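A short worksheet on the structure shown next.
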Amino acid sequence: MISKATIDKVFDASRVEEVIGDFVQLKKSGTNFKGLSPFTDERTPSFMVSPVKQIWKDFSSGKGGNVVAFLMEHEHYTYPEAIKYLAKKYGIEVEETEQTNEEKEKSSERESMYLVSEFAQGYFQSTLKNTEPGKAIGLTYFKERGFSKETIDKFKLGYSLDEWDAFTKEALGKGYQLEFLEKTGLTIVKEKEGSPDKRMFDRFKGRVMFPIHSMSGRVLGFGGRILTSDKKAAKYLNSPESDIYHKSKVLYGIYHAKQAIAKEDNCYLVEGYTDVIQFHQSGIENVVASSGTALTPDQIRLVNRLTKNITVLFDGDAAGLRASIRGIDLILEQGMNVKVCTFPEGQDPDSFAREHDKQELINFLEENATDFIRFKASLLVKEAQNDPIKKAETIRDIVHSIFKIPDRIQREVYIQECSRIMDISEDVLYNTLAQLGSKEISDANKKYKEERKKNTLQKVESTSENVSRKVNQLDELEKSIIAILLFHGDKTETFSDVVLEEDEEGNMTEKEVKVDLKVYEKIFLDLQTDEIELANEHFNAIYTQLIEMYNREGQLKMDDFLQQLTFEQNALVVDILMNEEKYALSNWESKDILVKDKDMSVRLLVFQTISMLRLKLLNMLVDNIHTLIGANNNATSVQLEDVKNYWELRKILSERFGLVTNTTFHS
């Protein structure tokens, strides 16, 4: 268990905008920061970070919370893992007690896989540096590639012994379970024919090792390169797909490159591990690799969170260059700006960076990086030469790429450029573009019609639920009470109250008195007096925690408070906090309630919110009685008396608090 003192230090030191800024490109927006959602595929930023409140809200997915909640959502950390990550980032020593066997058993399967992968990384590093085969084979290979000791340490490079089960034996001996060695793909397990025994092999036997990290630095898997001339073995071998490693969602080097990408506002995309490492050693760190796979939308979105600009680097003699650049249409679809740079024949990013210093490399990239559309047009024109049919195919190919661009102004600029390069009128290109658009609309419409039949019932149910939520006045009132406590709970206000006094003649008269109370005390006393408990279980739990904290601390300590809540409750609180204007001065008119006093002070806000809650509950009581009367087709004298009393009380409350209620309020 991590000590409370450590957790407090972590929250005191952590800045939500700094932590999230490592994963999402944030831009200043008033007092807040704004960026693209890391949880959904969006082109218009709806992800907000509040440095003042130290919370974040993703309006596209509905998620939100504090800095720890972000790490738990984005990186799938457990709470202790998130605390440790922040402690490491801010240089805080973690004090914790030893885990019991029972606590270890409760660790999730994913966490067990992460732990196995972390152990493997350390083991391969140690093997590289501390064994004779590691130094003679692995270390020699890396030095031949020109990698320094600092670079090897930075990328956690390693070596797997050329033995069948050296790693597996070591891991089992350290207490790691075979189940997770197999699930991460580090160990291959095969059944022995006619025997209950199992044969175990190291997947990466005899290979130099490249750990693959997540954006936060967790070990997801490995790439291993064989150094022998065995033609039967693959040159490069990757970890298989698992619960923690999805090749299509990972970019090699993203952990080491993320800050440089955001700072430089550009990302270089290469093909291999050594390309990335060599660029870093040259001093250019905003570089990642697709690891030889075709680009995927998920990989592009990783970059898109950090920058809108991407430069794809190709080998000078890359085979199938045309096939490779087709995949880059996906980048255009994401609304990104794409450039392409090819190296001289016979060279790749690794070799070129090795032979040139940093400034020479920067100059080459700046001078030779070409806009993707221009590059594609030039490449295809050379292929088409004087063949009219090939030229027509080339034009369609280029227009198809332009069609992928969501920004209309960019499309027009590229159409003009294509017209100039291909020596064809803009009208023809626009017509081709329009045909593609018509086809897409037609296909989408057809798909929509097919799906509409299936989804009609679900849509009706969903719409009904949305309408129900919109008109749930009780929920809105209870949410407003939570909002008042969050924004104004510790403020002292002078409240008016009405007490009954007996005059000299023995008659009871009302008298208004003034009393100074904290806002949370006033709300608590009013709800206690009426024996009101919030109907929404999440709001009720949040209300209870708020009152307890105010009673205990005298103020709201947001970090401590959010830690006490469930994910659902956390999301509700963050929604209120990030919509301060909406809940600070409640929009009663939208609830069929007219407020006479438009100068809404905190005092009046409390009075009118509590009174509206009372009125709503009174209406619900009346509705219940009407329902009983309707069911029995008869009204008892007691029921009629109750209705009369409730409506009289409703009238008194309305007049006292300056509210004019719509006759439809009780519906």
- Note on the structure: Rounded to the angstrom and largest first, Cα extents along the principal axes for region 109-245 equal 49, 36, 26
- For region 374-430, with equal point scatterers placed on the C-alpha atoms only and solvent neglected, what are the log10 I(q)/I(0) values from the Debye formula at q = 0.13, 0.22 1/Å, to two decimals? -0.28, -0.79
- For region 111-116, Karplus-derived ³J(HN,Hα) couplings (6.51, -1.76, 1.60; θ = phi - 60°; whole Hz; x for glycine and proline) come out as 5, 4, 5, 4, 5, 4
- Item | Hull-based mean projected area of region 4-89, where the convex hull spans the alpha carbons, in square nanometres | 5.4
- Residues ILE409, ILE542 in order from fewest to most other beta-carbon atoms within 10 Å are ILE409, ILE542
- In nanometres, the difference between 0.36 nm per residue of separation and the alpha-carbon distance of ALA5 and ASN363 is 123.8 nm
- Tell me the label-point distance for the pair LYS143, GLU179, using the 7 Å Cα-to-Cβ offset, in nm and rounded to one decimal. 4.4
- Message: Could you list CYS418, CYS267 so that the one with the fewest beta carbons within 10 Å of its beta carbon is first and the one with the most is last?
- Response: CYS418, CYS267
- Message: List the pairs from LYS249/LYS404; LYS27/LYS491; LYS4/LYS557; LYS143/LYS169 whose alpha-carbon separation is above 26 Å, in the order I gave them.
- Response: LYS27/LYS491; LYS143/LYS169
- Note on the structure: Taking HIS76, HIS213 and counting other beta carbon atoms within 10 angstrom, the fewest-first order is HIS76, HIS213
- Item | Dmax and Rg, reported as Rg then Dmax, of region 254-436 (C-alpha, Å) | 16.8, 49
- Message: I need the calculated FRET efficiency for the pair GLN555 and LEU474, taking r as the beta carbon distance and R₀ as 22 Å, to the nearest 0.05.
- Response: 0.15
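Only the coordinates and a few stated rules stand behind these numbers; no lab work does. Given the structure is predicted, the values throughout are model-derived calculations rather than measurements. All Cβ positions, even for glycine, are placed from backbone atoms using ideal geometry, and neighbour counts span all protein chains on display.
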